[in-house]
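Let me begin by presenting the structure, written as structure tokens, before commenting on it.
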Amino acid sequence: MRHLMSPLDFSVDETNQLLDLAVDIEHHPEKYAHACDGKKLATLFYEPSTRTRLSFEAAMLNMGGSVLGFSSASSSSVSKGESVADTIRVISCYADICAMRHPKEGAPLVAAQHSGIPVINAGDGGHQHPTQTLTDLMTIRSLKGRLDHLTIGLCGDLKFGRTVHSLINALIRYPGIKFVLISPEELKLPDYMKQDVLDRNHIPYEENNNLDAAMQGLDILYMTRIQRERFFNEDDYIRMRDIYILDKEKMSHAPKDMLVMHPLPRVNEITVDVDDDPRAVYFKQAQYGVYVRMALILTLLEVKPC
Ligand code: NCD
């Protein structure tokens with residue numbers, strides 16, 4: 001039985017196969033309409049979510065399966081003090097596969113160790129978010145035509161942003177990847193990511209706190225939200241929340257083929273007048289998230305549609 005905790009749980013070949021399957025689903029959804037008949041997905045969300053939870057649910061429903069679960073810790077037995085280990089033991093009797101989001105780093109891993117069904121990490125604290133990464137990889141591959149030889153600007157909250165941590169882990173496995181890390185001093189990429197991931201693998205990167213200057217030469221600008229819920233101090237959040245705002249004016253100086261991605265939800269970091277720019281692909285990215293999660297469910301359940 002396989003789980004998905006980090007994007008590195010799949011080899012590059014397995015990742016490419018999964019993305020190929022997601023593309024086939026995108027183009028031939030009818031082939032998969034009954035692939036999960038009779039199967040159940042449990043969504044165990046101890047932290048808020050819109051896209052991730054609903055795209056998981058849409059993915060299972062699109063394949064004829066059903067869904068059950070909870071969308072906040074307060075509506076589950078965790079509010080009575082139940083452990084993640086006990087919850088997953090019980091859910092294993094009710095469902096065939098589960099997606100778990102938790103504010104504590106490592107909680108989905110604990111669940112996987114006690115689970116009788118595949119567990120998918122749907123985001124654990126500031127740590128990893130592998131299904132967003134698969135979504136991002138599908139977006140880049142579909143719209144740029146490749147996953148190698150790219151310069152990617154990562155902008156915003158690089159300290160707490162789990163989507164950024166997972167994406168870096170996944171992309172360094174492709175040749176010719178460079179990163180431009182755009183953040184204020186206080187929200188820089190953690191040292192463990194720089195030393196253990198970038199430096200150890202000889203990945204070129206530069207740090208720059210100026211978005212205008214950093215945009216030149218980028219193939220992709222990956223914007224992120226300042227993660228209010230992970231700040232200890234509201235004043236620090238208020239000081240930093242509007243530090244980077246990508247607007248139409250800035251886009252007019254950006255490279256003509258630079259894709260703008262964002263895992264969403266956005267707050268102030270991209271103004272709505274950027275949405276119509278053909279380079280802004282964040283809503284398309286959200287759509288790819290459904291195909292990728294369908295492919296992931298099929299892969300972990302080892303279902304082969306006929
Ligand atoms: C992200 C997350 O939850 O980490 N959202 C998502 O899953 N698409 C990004 C965020 O919350 O800022």
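Things worth noting here:
- Test: ARG293 is within 16 Å of the ligand (Cβ to nearest atom) and in the same structural domain as ALA58 (by TED's automatic domain parsing): yes
- Of the listed requirements (1) more than 17 Å from VAL67 (Cβ to Cβ); (2) at pLDDT 95 or above; (3) within 16 Å of the ligand (Cβ to nearest atom), GLY125 misses just one: (2).
- Test for LEU246: is it within 16 Å of the ligand (Cβ to nearest atom) and either over 30 Å from ASP20 (Cα atoms) or assigned by TED's automatic domain parsing to the domain that holds GLY106 (or both): yes
- Every residue from region 70-98 that is at pLDDT below 95 and either under 29 Å from PRO29 (Cβ atoms) or within 16 Å of the ligand (Cβ to nearest atom) (or both): PHE70, SER71, SER72, ALA73
- Any hit, region 29-36, residues being over 15 Å from THR135 (Cβ atoms), more than 16 Å from the ligand (Cβ to nearest atom), open to solvent by less than 60 Å² (accessible area, probe 1.4 Å) and not small (Gly, Ala, Ser): yes
- Residue in region 154-173 that is nearest to the chain's Cα centre (by Cα), counting only those that are open to solvent by 10 Å² or more (accessible area, probe 1.4 Å) and closer than 18 Å to ASP199 by Cβ: ASN169
- Evaluated against (1) in contact with a Ser or Thr (Cβ under 6 Å, 6 or more places away or on another chain); (2) open to solvent by 10 Å² or more (accessible area, probe 1.4 Å), ALA122 falls short on exactly one condition, (2).
- Residue in region 169-179 that is within 16 Å of the ligand (Cβ to nearest atom) and either of a type in the set (Asp, Glu) or assigned to a loop (DSSP other than H, G, I, E, B) (or both) present: no
- Residue in region 139-148 that is within 20 Å of PHE56 (Cα to Cα), in the same structural domain as ALA254 (by TED's automatic domain parsing) and within 16 Å of the ligand (Cβ to nearest atom) present: yes
- The set of residues in region 157-168 that are in contact with a helix residue (DSSP H, G or I) (Cβ under 7 Å, 6 or more places away or on another chain) and assigned to a loop (DSSP other than H, G, I, E, B) comprises ASP157, LEU158, LYS159, PHE160.
- Among the criteria (1) modelled with pLDDT of 95 or more; (2) part of a helix (DSSP H, G or I), the one LEU41 does not fulfil is (2).
The values are calculated or read from the model by the stated rules, or taken from the named source; none is laboratory data. This structure is a prediction, so every number in the text was calculated from the model and none was measured. Note that each Cβ is placed from the backbone with ideal geometry, even for glycine, and that neighbours are counted across all protein chains shown. Ligands, DNA and RNA are excluded from the accessible area calculation, which covers all protein heavy atoms including side chains. Shrake-Rupley method; radii C 1.70, N 1.55, O 1.52, S 1.80 Å.
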